[in-house]
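Novice: Pasting in a structure now, in structure tokens, and then I'll have a few things to ask.
The values are calculated or read from the model by the stated rules, or taken from the named source; none is laboratory data. Predicted model, so just to flag it, every value in this text is computed and none were measured. Note that we place each Cβ from the backbone using ideal geometry, even for glycine, and neighbour counts take in every protein chain shown.
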């Protein structure tokens, strides 16, 4: 248990909307080892952010967990009542989001926000002591002049600094699991590089398990040990980052990587994936990617492919790959 | 700086300052120097890209070119005519020939109109006498050309996916057969698989209709794919300008080098091999840009002179322009 701070088992999540029931996450399982970073990669609508929220026990009110468990250090966060949830959320698992400005209350200084967390989550009542902890957290994330930042309001900080402050908020309680939901998508590339470096060094220093959610395969290549590729609510392939990016097996992974224009090489014509995302309100008897796949077999539209290991640690859900393997 | 004979758009020493007002009298207390003396030109049937991070002034330039902002000083020539002083007739001619595609198609398409009406509207404005049947014919031909099926024509933009909506915006931009299209981050809001389709479409249309593009982007990978020329901007200035391959293979300016080295790519071997040049801190405010070279407080190669004298954009090698003291000394 100790070596897997985050375990997700057979997770299925539906959204109840005016237009019907959207089956956003479909039977997803994965685990993150201590100190490891796992990347959920996928396009919009793949269900990656929904999984991120479920790990915090923070799904929106119209979401229903149909089945499955999310274990944080062995405790199923989906079964906890509010009171018990608060002892895990922000203590053992934290999250950082895409837009740091939206995760801060504009009426409070960074110092007030952090002091409250230190007081209620860590139980440090002494003001002096609390401030010391907060200042340490601020300098830990590379913010210059923590004293000034302590007294700053969110609007006084730039996007990059605010994201650093959000990381300080997430990590001041020393959680074992950090969910990072597109944390650098809104930042410019030079700042993105800084924040990714920071997350990497904090992960090593604190032994954090990180669930990193991104649509950017390049970012995944930098920060992640393992990658799980999601399509329409399901994991279609997972494995070590090098394996997934350099020798992908699933047709969707292959195509997704081919779509990305590179700054390092002059591309000929860009490849793309024809068609669009399937209607997530429906059930599909076979492989959910089959309508857009150009390597379909007869059974692809009939039988749902299971995730099967093709090499140790590298699993693929594709009939063709499995048939080739024999 | 580029051969003037075939240039279609010429931007000459463009300056745009936004006043900062304070108090009830609206006293001007300072200026945001969004664009501070930028010159470039775009040749016929070529794509010219402005890249830079937020606040570098690239979108302000696009807005000046589109006539949505009045430059503080400097001139913009389109096919030889100064577009900052056009007569009413000429302004109409200019708008017919210069079109735009923006980042978010859902914000730039009227939600209360049907797709076919959106695409037809430019024709109705500029060719009032065109018979309805002919308008319709043009619209449906164009929808097919941009890869939209006829059954989408009766829908509203909200029933479309992001990629489809951007195709509608592109159809609307090309229906008047313009000479120049300003593309302001046209694929930033799209998923990669869709982005690839839109980029391919833009390249096809450019070749087929002999279009020129002024592309605004922060994404260097996209820029490399689509551009003929690239200008890198930092805090309101062009710091480097070169043909695309030249710029990506031999970046000279430390800022360009830092930008290129920061782009994450889905290739773990390359990422490990890549020498990262990390700039210190964050871009300063454009209200009080640093004296001398604007990059010098963050630049790993800065010397004393960089903080005092502003480097000029000079042609270091044929067609390769750079504004940096490292190269001026040679």
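Novice: So which residues in region B:154-181 are farther than 22 Å from residue B:127 by Cα and in contact with a strand residue (DSSP E or B) (Cβ under 8 Å, 6 or more places away or on another chain), if there are any at all?
Specialist: Within region B:154-181, B:166 is the sole residue that qualifies.
Novice: Is region A:117-125 home to any residue that is over 27 Å from the mean Cα position of the chain (by Cα) and touching a residue at least 12 places away in the same chain (Cβ under 8 Å)? Working first, answer last.
Specialist: Kept after step one, since they are over 27 Å from the mean Cα position of the chain (by Cα), are these residues of region A:117-125: A:119, A:123-125.
With the extra rule that they be touching a residue at least 12 places away in the same chain (Cβ under 8 Å), the set shrinks to none.
The answer is no; no qualifying residue exists.
Novice: Which fully enclosed strands (runs of 3 or more DSSP E) of region B:1-92 have 1 or more residues being at pLDDT 95 or above and surrounded by fewer than 16 Cβ atoms within 10 Å (Cβ to Cβ)?
Specialist: On the way: elements: B:7-22, B:27-43, B:47-51, B:73-78.
Those strands (runs of 3 or more DSSP E) span B:7-22, B:73-78.
Novice: When residues of region A:194-218 are filtered for being within 8 Å of another protein chain (Cβ to nearest Cβ) and surrounded by fewer than 24 Cβ atoms within 10 Å (Cβ to Cβ), how many remain? Please lay out each step first, then the result.
Specialist: In the first step, residues of region A:194-218 are kept if they are within 8 Å of another protein chain (Cβ to nearest Cβ); the result is A:194, A:196-197, A:215-218.
Subset that is surrounded by fewer than 24 Cβ atoms within 10 Å (Cβ to Cβ): A:194, A:196-197, A:215-216, A:218.
The total comes to 6.
Novice: Take residue A:302 and decide whether it is free of Cβ contacts under 8 Å to residues at least 60 places away in the same chain and within 12 Å of chain B (Cβ to nearest Cβ). Give the derivation first.
Specialist: Details: free of Cβ contacts under 8 Å to residues at least 60 places away in the same chain: yes; within 12 Å of chain B (Cβ to nearest Cβ): no.
Answer is no for this residue.
Novice: Another question, then. Only one of (1) more than 30 Å from residue B:9 (Cα to Cα); (2) out of contact with any helix residue (DSSP H, G or I) (no Cβ under 6 Å at 6 or more places or on another chain); (3) surrounded by 19 or more Cβ atoms within 10 Å (Cβ to Cβ) is not met by residue B:180, so which one is it?
Specialist: (1)
Novice: Next question, about the same structure. Is one or more of the residues making up region A:260-283 modelled with pLDDT of 90 or more, away from chain B (no Cβ under 13 Å), surrounded by fewer than 17 Cβ atoms within 10 Å (Cβ to Cβ) and not in a loop (DSSP other than H, G, I, E, B)?
Specialist: No, region A:260-283 contains no residue that is modelled with pLDDT of 90 or more, away from chain B (no Cβ under 13 Å), surrounded by fewer than 17 Cβ atoms within 10 Å (Cβ to Cβ) and not in a loop (DSSP other than H, G, I, E, B).
Novice: Moving to a separate point now. Exactly one condition in (1) more than 14 Å from chain A (Cβ to nearest Cβ); (2) more than 16 Å from the chain's Cα centre (by Cα) is false for residue B:179; which is it?
Specialist: Residue B:179 satisfies every listed condition except (2).
Novice: For region A:131-143, state whether one or more residues are in contact with a strand residue (DSSP E or B) (Cβ under 9 Å, 6 or more places away or on another chain), touching a residue at least 60 places away in the same chain (Cβ under 8 Å) and within 30 Å of residue B:218 (Cα to Cα). Break it down into steps so the answer makes sense when it comes.
Specialist: Of the residues in region A:131-143, the ones in contact with a strand residue (DSSP E or B) (Cβ under 9 Å, 6 or more places away or on another chain) are none.
Scanning region A:131-143 turns up no residue that is in contact with a strand residue (DSSP E or B) (Cβ under 9 Å, 6 or more places away or on another chain), touching a residue at least 60 places away in the same chain (Cβ under 8 Å) and within 30 Å of residue B:218 (Cα to Cα).
Novice: If I filter region A:124-141 for residues that are more than 23 Å from residue A:202 (Cβ to Cβ), modelled with pLDDT of 95 or more and in contact with a helix residue (DSSP H, G or I) (Cβ under 8 Å, 6 or more places away or on another chain), do I get at least one hit?
Specialist: The answer is no, given that none of the residues of region A:124-141 is more than 23 Å from residue A:202 (Cβ to Cβ), modelled with pLDDT of 95 or more and in contact with a helix residue (DSSP H, G or I) (Cβ under 8 Å, 6 or more places away or on another chain).
Novice: Being crowded, with 24+ Cβ neighbours inside 10 Å, in contact with a strand residue (DSSP E or B) (Cβ under 8 Å, 6 or more places away or on another chain) and assigned to a helix (DSSP H, G or I) narrows it down to one residue among A:221, A:228, A:180, A:166; which is it? Spell out how you get there, then give the answer.
Specialist: Details: A:221 fails: in contact with a strand residue (DSSP E or B) (Cβ under 8 Å, 6 or more places away or on another chain); A:228 fails: assigned to a helix (DSSP H, G or I); A:180 fails: assigned to a helix (DSSP H, G or I).
Just a single option satisfies the conditions, and that option is A:166.
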